[in-house]
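Q: One structure, pasted below without further comment.
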Amino acid sequence: MQNLNLYNTRKGGLTRRDFLWLSSMTAAGYVFGCATDPVTGRQQFMLVSEDTEIQIDKQYAPIQISADFGEVQDGQLNRYVSEVGNKMAAKSHRTHMPYSFRVVNATYVNAYAFPGGTIAATRGIMLELDNEAELASLLGHELGHVNARHSAEQMSKGQLTQAVVGLGSVLAGTQSAALGELAGQLGQISAGALLAKYSRDNEREADALGMQYMVGAGYGSEGFVGLMEMLNSMSKHKSTTVDLLFATHPMSQERYDTAVQTANTKYKSALKGPLYRERYMDHTSRLRAQKGAIQEIQNGEKEMAKKSYDAASNHFRQALKKAPEDYVALCMMSISNLVQKQYAVGRQYAEMAQKAYPKEAQAYHLSGFAKVQLKDFEGAYEEFSAFESLLPGNPNTIFFKGYCQEGMNQIEPAANEYTRYLQVVQEGKYAQHAYRRLVDWGYIK
Ligand SMILES: [Zn+2]
């Protein structure tokens, strides 16, 4: 366990004694407790209360959504997914939770839930679905995780705070680990690092609940089988596009078989219920028009994972020919250049990305990182400040602001930022740098 001081930032300086106290507290871990599982009624060993679940969600879901390049700017698509999601949430066991649903710009195939009810599906998975009943099944499965409090269980294991400092091992052994490593190099939090990693038991329970909710909302249970069929066939062709999905939601033939069996027994009366294929196709027509560009981005990310940056850049360039303002393609072009130390070009693409989606934070981080490397500390500081106002609470930003001030020789403000950073993160190379400077400057005695 890494740290519990995320909600408890203190003002003022940090003595060495404070520092050691913080470290020992974090080693001691969390206060344990029991709660009743809202689904089974059983007593559950639970480390977090419902309020804390909502707080964790508020703190981390925005970081994850930004790592996935923000929600799509297609308001109609988000409204459609929200309508379907809310219909399902009304049939769930925890109707009082503050649910929200959206499509995020990321192109890999995935969907996820945070413990307060923030649920997202990527453009990549939306393109794989065939009808509204499959979408309802996907959202129902995620609602299942929230309702059975799986994410809370997962997140109370200190995995989240580990991920923030780049110690997360969610993706170890998968190809996405390579992409995560790149994000780490740029001081970013990688897509997926904050996601709960569910067990096979969790998956069984979420499937059962998802099917119950979608049938309850009036969909044909065949839709759930369709989703499982799609996932099962994708799981057999491992690639960077799907490995995060299956690293977090393990797929198996058994899940598919169970869906077929349950649809034909328990939910037999709903088997031929409506799937709403046409409605799904209508609402996703603008998204499906981007399919060519999205496939180029997916191929580019595969090359990035192999560190073939020239090949990757070629794919992103092709994507930009098809969709010149695609925020993901612009950010990925920036990242591909930054990791090759082509900082001026990386900055240029980051600035184009900012223009394409001014309210999304990630491009400001990329631009800030490029400017730090170009020793434009003043410019970089402005970028990180803009980033922080769009997306507060990312400790890496605090570190980078301090680093810029150090670059500008503003020792006292830099020391303040480094102190703020160490109150949240005590491990990793940034923490070492911050701590060393505070000792050098006499702030820690
Ligand atoms: Zn799952």
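The values are calculated or read from the model by the stated rules, or taken from the named source; none is laboratory data. Since the structure is predicted, the reported quantities are computational estimates derived from the model, not experimental observations. Every residue, glycine among them, receives a Cβ derived from its backbone with ideal geometry; neighbour counts consider all protein chains shown.
Q: Just one of Leu160, Leu167 is at pLDDT below 85 and not in a helix (DSSP H, G or I); which is it?
A: One residue alone meets the criteria, Leu167.
Q: Of all the residues that make up region 316-337, how many are surrounded by fewer than 24 Cβ atoms within 10 Å (Cβ to Cβ) and of a type in the set (A, V, I, L, M)?
A: Number of matching residues: 2.
Q: Looking only at region 245-268, which residues are away from the ligand (no atom under 12 Å from the Cβ) and either part of a helix (DSSP H, G or I) or among the aliphatic types (A, V, I, L, M) (or both)?
A: Gln253, Glu254, Tyr256, Asp257, Thr258, Ala259, Val260, Gln261, Thr262, Ala263, Asn264, Lys268
Q: Anything in region 211-234 that is farther than 9 Å from Ala259 by Cβ and either among the basic types (Lys, Arg) or assigned to a loop (DSSP other than H, G, I, E, B) (or both)? List them, or say none.
A: If the condition is that a residue be farther than 9 Å from Ala259 by Cβ and either among the basic types (Lys, Arg) or assigned to a loop (DSSP other than H, G, I, E, B) (or both), then Ala217, Gly218, Tyr219, Gly220 are the ones that fit.
Q: Quick one: is Asn409 surrounded by fewer than 18 Cβ atoms within 10 Å (Cβ to Cβ) and of a type outside the set (Val, Ile, Thr)?
A: For Asn409, the condition - surrounded by fewer than 18 Cβ atoms within 10 Å (Cβ to Cβ) and of a type outside the set (Val, Ile, Thr) - is met.
Q: Here's a check for you: in region 38-83, which residue that is of a type in the set (Ser, Thr, Tyr) and outside any helix (DSSP H, G or I) is modelled with the lowest pLDDT?
A: Residue satisfying both the conditions and the ranking: Thr40.
Q: Between residues in region 265-278 that are farther than 17 Å from Asp130 by Cα and residues that are in a helix (DSSP H, G or I), which pairs lie under 7 Å by C-beta distance while being six or more apart or on different chains?
A: Here the result reads Tyr267/Met211; Tyr267/Val215; Ala270/Val215, each pair linking region 265-278 to a residue that is in a helix (DSSP H, G or I).
Q: Within region 299-308, can you find the residues that are closer than 23 Å to Ser66 by Cβ and either touching a helix residue (DSSP H, G or I) at 6+ places or on another chain (Cβ under 6 Å) or surrounded by fewer than 22 Cβ atoms within 10 Å (Cβ to Cβ) (or both)?
A: Listed by number, the residues that qualify are Gly300, Lys302, Met304, Ala305.
Q: Could you pull out the residue among Gly220, Gly216 that is over 19 Å from Val146 (Cα atoms) and more than 16 Å from the ligand (Cβ to nearest atom)?
A: Residue meeting the stated conditions: Gly220.
Q: When you look at Thr107, is it more than 16 Å from the ligand (Cβ to nearest atom) and either buried (at least 24 other Cβ atoms within 10 Å of the Cβ) or at pLDDT below 95 (or both), yes or no?
A: yes
Q: Just the residues that are free of Cβ contacts under 8 Å to residues at least 60 places away in the same chain and more than 21 Å from Arg317 (Cβ to Cβ), please, taken from region 342-371.
A: Pro358, Tyr364, Gly368, Lys371 - these are the residues of region 342-371 that are free of Cβ contacts under 8 Å to residues at least 60 places away in the same chain and more than 21 Å from Arg317 (Cβ to Cβ).
Q: If a residue has to be surrounded by fewer than 23 Cβ atoms within 10 Å (Cβ to Cβ), closer than 22 Å to Val72 by Cα and of a type outside the set (D, E, K, R) to count, how many in region 338-353 make the cut?
A: Looking only at that region, the number is 1.
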